[in-house]
Amino acid sequence: AMFADLAVPGADVQSLWRSARTARCEAKSCQTGRISTAEAATQSHTGRDAAVQTEQGKDALQDFQQEVQVDYVGLLSFLQRVEDAVIKELNKNWESRAFDGFEVNWTDQNETVLCLHTLSYPEAQDKNLQVTSVSWNATGSVIACSYGRLDDGDWSTEKSYVCTWNLDRRGLNPQHPDLVVDVPSSVMCLAFHPSQPSLMAGGLFSGELVVWDTSRTEDPVIWRTGMTDDTHTDPVYQVHWLPDTKHRHHSRLLSVSTDGKILVWREERDGRLVLADGFAVVAQQIPRSTRLKKLAWAEAAVGVTSLSFSPFDPHVFVVGVEGGYSLRCSTAAQTPALPPTGSSVPLRAPVELAFSPHAGPVYSVSCSPFHRQVLHVGQNLFLSCGTDGQVHLHSMLQTQPLFTLQLSQKYLFCVRWSPVRPLVFAAASGEGKYLQVPPLGHQIKREVLLFDLARSAQKPAVSLKQALSHCPVYCLEFNSKQTQLLAAGDAAGTLKVWQLSSDFTEQGPREKNHLEQLASE
């Protein structure tokens with residue numbers, strides 16, 4: 001036949017194009033131009049929430065409804081049964097003293113006592129003037145001091161100063177006060193108004209009282225007594241602001257002097273302070289006690305050097321006098337002072353009780369700001385100090401001191417209770433040398449003394465060196481708003497502001513009980 005099936009192998013033709021292209025291939029890269037990008041967010045104008053829930057069977061719905069049903073009758077019966085027991089336990093917790101004085105402290109802990117500021121007015125120091133008084137204003141941010149002289153010199157004609165510093169102000173200059181007030185007579189005492197931060201009262205050596213408005217830098221004097229028949233005839237050693245019971249937004253000013261008078265002044269629109277009420281401490285009208293030494297009855301008046309009001313009874317106050325006595329007094333006294341004085345207002349005899357005396361004039365008294373709500377013991381406690389170098393802790397209910405501390409061989413010029421610790425007080429010492437102090441067994445400089453009766457009733461917890469020179473500390477004052485601050489002024493014209501450690505500012509849970517125990521021993 002012509003044709004026949006035949007299977008032959010396939011034929012392959014190799015591509016010359018592919019091999020040639022592979023041989024010419026080169027590695028290259030390319031980059032597009034810089035691309036600018038931006039982010040943006042969009043939000044729809046309206047939104048809608050949707051939820052999906054599987055269908056609930058009828059049986060489950062009935063079970064749920066049965067679970068939320070409340071047996072109000074049974075609940076009422078239960079509450080009525082337990083009501084007495086619950087009220088009893090709540091009353092028990094309310095009367096518990098377990099957490100007395102406990103407060104959460106959110107501030108940093110201060111482990112040591114530090115000197116934050118050393119303030120002075122060089123012009124006053126050049127005249128050898130001394131810091132005679134210090135006072136904190138109502139906000140606790142401004143400290144004021146008065147310059148004068150307590151030891152010698154022609155006080156009545158010597159010019160003096162009142163200076164203030166705002167410790168919260170940036171760029172505080174310790175030698176450049178924010179305000180300097182020139183005063184023609186030595187300023188013996190200062191007191192800021194308890195609620196109006198810019199008002200400050202001062203008592204002068206001349207017997208006058210002056211009130212300054214520290215917000216007025218040009219002419220800060222807004223009220224003054226002037227020299228009248230009612231003005232004190234001796235230096236004014238303390239001033240104290242009193243609320244005016246007749247005028248809610250007004251205050252009255254109380255002053256004490258070594259002329260034996262305790263006077264209350266009211267403000268007039270013409271810038272005068274006018275006598276509104278007054279008292280006279282007369283030796284013959286002081287209640288006698290067989291347990292006390294005989295007073296100098298021949299003296300007609302007893303010079304008043306210091307005063308402190310009870311924080312809990314506006315009528316009760318304690319005064320210290322030159323004869324060494326502390327006297328409990330009352331503004332509610334109605335007995336006329338004898339002999340009658342020539343003042344425009346009849347003066348009354350305020351003394352109710354005389355306490356066991358110091359061996360010299362009393363320079364400072366301070367009533368305790370703490371008391372038990374039930375027994376009211378703390379409000380009956382006060383401290384006194386004087387030229388005998390002793391501090392007496394007294395109860396207003398008995399003539400003899402609860403205890404006596406011999407802190408110095410020289411004068412003690414000031415003593416103050418802490419505003420936050422019931423068992424802490426500070427004393428300003430006239431000590432200017434080293435002393436051997438038992439039972440410490442070594443010599444120690446004592447100028448500003450901090451006592452913590454929870455630790456010891458015999459020796460100070462801390463002794464602060466106020467000045468480089470051996471000069472007495474005349475005044476000190478705790479800050480009731482910024483309770484970690486204590487100010488002290490000395491005879492060198494220096495005002496120091498101390499930051500107290502947490503030990504002196506945080507009250508323990510049983511301190512008031514301890515104070516009550518001291519009063520009852």
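The values are calculated or read from the model by the stated rules, or taken from the named source; none is laboratory data. Remember, predicted model here, so these are calculated numbers, not experimental data. Note that we place each Cβ from the backbone using ideal geometry, even for glycine, and neighbour counts take in every protein chain shown. Side chains are part of the model used for accessible areas, which takes the heavy atoms of the whole protein and leaves out ligands, DNA and RNA. Shrake-Rupley method; radii C 1.70, N 1.55, O 1.52, S 1.80 Å.
For the reader, a short list of remarks on this structure follows.
- Filter result for Ala428 (modelled with pLDDT under 90, closer than 26 Å to Thr305 by Cα and under 19 Å from the mean Cα position of the chain (by Cα)): yes
- Members of the stretch 389-413 that are out of contact with any helix residue (DSSP H, G or I) (no Cβ under 9 Å at 6 or more places or on another chain), open to solvent by 10 Å² or more (accessible area, probe 1.4 Å) and touching a residue at least 60 places away in the same chain (Cβ under 8 Å): Thr399, Gln400, Lys410, Tyr411, Phe413
- Listed here are the helices (runs of 4 or more DSSP H) enclosed by the stretch 55-144 that have at least 1 residues being acidic (Asp, Glu) and either touching a Cys at 6+ places or on another chain (Cβ under 7 Å) or modelled with pLDDT of 90 or more (or both): 72-95, 122-126.
- The stretch 218-229 residues that are on the phi < 0 side of the Ramachandran plot, paired with ones that are crowded, with 18+ Cβ neighbours inside 10 Å and part of a loop (DSSP other than H, G, I, E, B) (beta carbon under 8 Å, 6 or more apart): Pro220/Thr214; Arg224/Glu208; Thr225/Glu208; Thr225/Thr231; Met227/Ser206; Met227/Gly207; Met227/Glu208
Okay, residues lined up against (1) among the aliphatic types (A, V, I, L, M); (2) more than 20 Å from the chain's Cα centre (by Cα); (3) in a loop (DSSP other than H, G, I, E, B):
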{"site": "Leu450", "(1), (2), (3)": "yes, no, no"}
{"site": "Gln458", "(1), (2), (3)": "no, yes, yes"}
{"site": "Cys475", "(1), (2), (3)": "no, no, no"}
{"site": "Lys481", "(1), (2), (3)": "no, no, yes"}
{"site": "Leu486", "(1), (2), (3)": "yes, no, no"}
{"site": "Val497", "(1), (2), (3)": "yes, no, no"}
{"site": "Gln507", "(1), (2), (3)": "no, no, yes"}
{"site": "Ala519", "(1), (2), (3)": "yes, yes, no"}
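- Pick from the stretch 305-339, criterion outside any loop (DSSP other than H, G, I, E, B) and polar (S, T, N, Q), ranking: surrounded by the most Cβ atoms within 10 Å (Cβ to Cβ): Ser326
- Matching entry among Leu190, Leu254 (being farther than 22 Å from Tyr147 by Cβ, in contact (Cβ under 8 Å) with a residue 12 or more places away in the chain, buried (at least 23 other Cβ atoms within 10 Å of the Cβ) and of a type in the set (A, V, I, L, M)): Leu254
- Scan of the stretch 211-246 for residues that are open to solvent by 30 Å² or more (accessible area, probe 1.4 Å), closer than 16 Å to Val274 by Cβ and modelled with pLDDT under 85, ordered by number: Lys246
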